[in-house]
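The values are calculated or read from the model by the stated rules, or taken from the named source; none is laboratory data. Everything numeric here is computed off the predicted structure, so don't read it as measured data. Glycine gets a Cβ as well: all are built from the backbone with ideal geometry, and neighbour counts include every protein chain shown. Accessible surface is based on the protein model in full, side chains and every heavy atom, while ligands, DNA and RNA are left aside. Shrake-Rupley method; radii C 1.70, N 1.55, O 1.52, S 1.80 Å.
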Amino acid sequence: EYKFDGLQLVLEYDNGYLTNATTRGDGLVGENVLAQAKTIRSVPLSINFKGHLIVQGEGMMTQSNLKEYNKTAEEALKNARNAVAGAIRNLDPKETAKRKLDFFCYNVLEIENKTFKTQEETHKFLEENGFKTGDYFKLISTIEEAKAEIDRIDKIKEELDVMIDGLVFKINDC
């Protein structure tokens, strides 16, 4: 999977509805950003799963949205990473909404009465519940395949519409 370069968000759902959203904060205590998260077009306000669910992902501003935003901004934003961090930490959700952010989900931190046998199963669950996961998820079997994929993504990462730091390798067997 891509290692997204945005702002980590944790979303909490109860009975299928978004009830809480937090940032990493200072590493111990996160900032409550529910009002801002609700303005992110790819954060599902309701999902099919009706138990308690906590997911982790990255708040992002695509490069194309950054360019579009800067066309009319009083002060141009320097990069998408800072743009998303400033938008989420902004106290005015209307200002957050103006940046047309996205949320890419990559992890289930907690789920009620359900387990996953593989990372692939987790990924599928997230997509089935309306979470964007990015357009890249690949299963590989060898170290050679991993090295080749690192080289391939390194060559194209500047052309992507999202900022990434590289790749994340996860063991498929949970």
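Protection proxy ranking of 116-124, 23-31, by the mean of other Cβ atoms within 10 Å over each peptide's residues and highest first, is 116-124, 23-31.
Computed from Cα atoms alone, the Kirkwood hydrodynamic radius reported for the range 54-141 is 14.9 Å. Share of carbon and sulfur in the accessible area of the range 35-174 stands at 49%, probe radius 1.4 Å. Only the Cβ atoms of Lys and Arg (+1) and of Asp and Glu (-1) were treated as charged; on that basis the dipole of the range 99-142 about its Cα centre amounts to roughly 160 debye.
Where both bridge residues fall in the chain, DSSP classifies roughly 95% of the beta bridges as antiparallel. The mean of 1/r over all pairs of different alpha-carbon atoms in the range 1-102, once inverted, gives a Kirkwood hydrodynamic radius of 14.1 Å. Looking at the range 15-174, the accessible area is 61 square angstrom per residue; that uses a 1.4 Å probe and ignores ligands, DNA and RNA.
Packing here is the average count of other Cβ atoms within 10 Å per residue, and on that basis the peptides 90-101, 145-156, highest first, run 90-101, 145-156. The Cβ shell under 15 Å around Ile171 holds other residues with a net charge of -2, Lys and Arg each +1, Asp and Glu each -1.
When the charge dipole of the range 1-118 is built from unit charges on Cβ atoms (+1 for Lys and Arg, -1 for Asp and Glu) and taken about the Cα centre, the candidate among Ala73, Ala21, Gly59 whose Cα reaches farthest toward its positive end is Ala73. In the chain, the ratio of gyration radius to Kirkwood radius, Rg to Rh, stands at 0.98 when only Cα atoms are counted. Computed from the alpha carbon atoms alone, the convex hull of the range 30-83 holds 122 Å³ per residue. What is the mean projected area of the alpha carbon convex hull for the range 91-149, to one decimal in square nanometres? In nm², the orientation-averaged hull projection of the range 91-149 is 6.7.
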